[in-house]
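A short reminder: the numbers here are calculations on the coordinates, not readings from a lab. Quick caveat, the model's predicted, so the values are computed rather than measured. Cβ: placed from backbone, ideal geometry, glycine included. Neighbour counts: every protein chain shown.
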Amino acid sequence: MNVTTPGTPGDAPRGGGGRARAGGGAAPRAGERPAPPPPRLYVTPPATRGPPPAPPRGPPRFGVPRPRQVRLPGGGWRAPEANRSNALHAGAWWLWALGLATAASRTTNPLLLGLLVGVAGYVVAARRTDAPWARSYGAFVKLGLFVIAIRLVFSALLGSPIPGAHVLVTLPEVPLPDWARGFRLGGRVTLEQLVFSFYEGAKMATLLICVGAANALASPARLLKSLPAALYEAGVAVVVAMTFAPNMVADVVRLRTARRLRGRSAGGAKALLQIGLPVLEGALERSVAVAASMDARGYGRRAAVPRAVQHTTTVLTLGGLLGVCAGSYGLLAAEGAGYGLPVLLGGIIVATAGLRLGGRRQVRTRYRPDRWGVRAWLVAGSGTAVAALMIWAGAYAPEALRPGVVPLTAPTLPLLPATGLLIGLLPAFVAPVPPSARKKSTHKKGTS
């Protein structure tokens, strides 16, 4: 705002010097110089660039303003900015990740497994928040690489039943007693057995990365709020256990950064001991705080239910969960594709009946329960479609999903399964955009 004053205190008035001003004051006497006029303030409004932003179309619903829209990379259709009212259901993220994990369990092709890891990583990079649990994805990736390394080391030291003609190295073999027949320490290390171990380790690493993607995208608190009432107490224990690792990783990163800023070394055994004690202390403080909050909220209260209803609930719940486990194993294993889906559906129905019946024992309320909307159906459906297409491809073209090791052949990328895996990218375009991702995209546009 610019303020200007025309004239100086010594300037004479332009007109009407002998008359009294409207602001008051006596008229000047004969021979006296009239008093200078008060300065006039001219306010210049600040310059505005462009027209004002247009208001959102349509009136607000129930007094709640419409969520801000964010333009997608391709333009046109937009995904809303995430807030408390339109946050995606946590169960949708877990169903999407379990669909990717099911697809990973049906193949050992490293090209398809790498594509799955790329799909999960892209969705996590586009839709994760700044919460502590969202930073655990990198830890799961490192854990997957560690699993591959351990699988290769064990295969070289303990041997493998896979025969091979390309001997890389011969390690000194340690003789074992008769009761350990079938095992060996050392011996020949062939290229075929290392390639087979790498394929199996890559499959296990991809499963861990898919679970890490769900852990980074789904809020544990919202997942706990969406659990049935009969599983509330067990869900609290699981959520506390799941949030322990991300919070510990965040504490380690914070303490290492603080040591670097102080000019101290962040690596080595000494630094590890000095960082470990504050991490354990912080974990203990969080545990005490969680226990106090659970006690204040009446954790463990139960309603009076007849004993017959309790026994029926236990039988239905345990039987349904066993059916779900058996059906899930059938879907993940290559041999149980025929019975896996029917057993899984039957277990879900029985477990749902037991959980609904057992929910009468729990006395609790829900504040703003998460809704399962269209976007949640799209996210969960994309993971289910990826799993279904991979199961279908395994039934009709198994040789493309499991490349041969004996004789050793180079893996090829099958077109149809690879196209089906790209459906898993749908959550990166339909899920609400977190504020952190929107700020990053705006910063990149400003710097470019």
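Projected label points at Ser265 and Ala296, each 7 Å from Cα along the beta carbon direction, are separated by 4.4 nanometres. For Leu422 and Val169, the difference between the fully extended length at 0.36 nm per residue and the C-alpha to C-alpha distance is 87.1 nm. With q set to 0.23 Å⁻¹, the log10 of I(q)/I(0) for the stretch 80-134, from the Debye formula over equal scatterers at the Cα positions, is -1.00.
Near the amide H of Gly187, within less than 5 Å, lie the amide hydrogens of Leu171, Glu173, all on another chain or at least 5 residues away, with H placed in the peptide plane.
Extension gain, Ile348 to Ala308: 0.36 nm times the residue separation minus the Cα-Cα distance gives 12.2 nm. Globularity index of the stretch 254-293 is 1.43 (Cα radius of gyration / 2.2 N^0.38 Å, N = number of residues). On the beta carbon distance between Trp392 and Tyr329, with R0 = 25 Å, the FRET formula returns roughly 0.85. Where in the stretch 178-217 does the amide nitrogen come within less than 20 Å of the point 7 Å from the Cα of Ala149, taken along Cα to Cβ? Only 194-210, 212 fall inside the zone, counting backbone N under 20 Å.
For Val433, the amide hydrogen comes within under 5 Å of the amide hydrogens of Glu81, Ala82, counting only partners 5 or more places away or on other chains and with H modelled in the peptide plane. Loop-located chymotrypsin sites (Phe, Trp or Tyr not before Pro) in the stretch 372-429 (DSSP state other than H, G, I, E, B) with a sparse environment of at most 14 neighbouring Cβ atoms within 10 Å: Trp372. Normalising by residue count, the stretch 83-169 has a Cα convex hull of 136 Å³ per residue. Spin-label model, Ala410 to Leu176: label points 7 Å out along the Cα-to-beta-carbon direction sit 3.7 nm apart.
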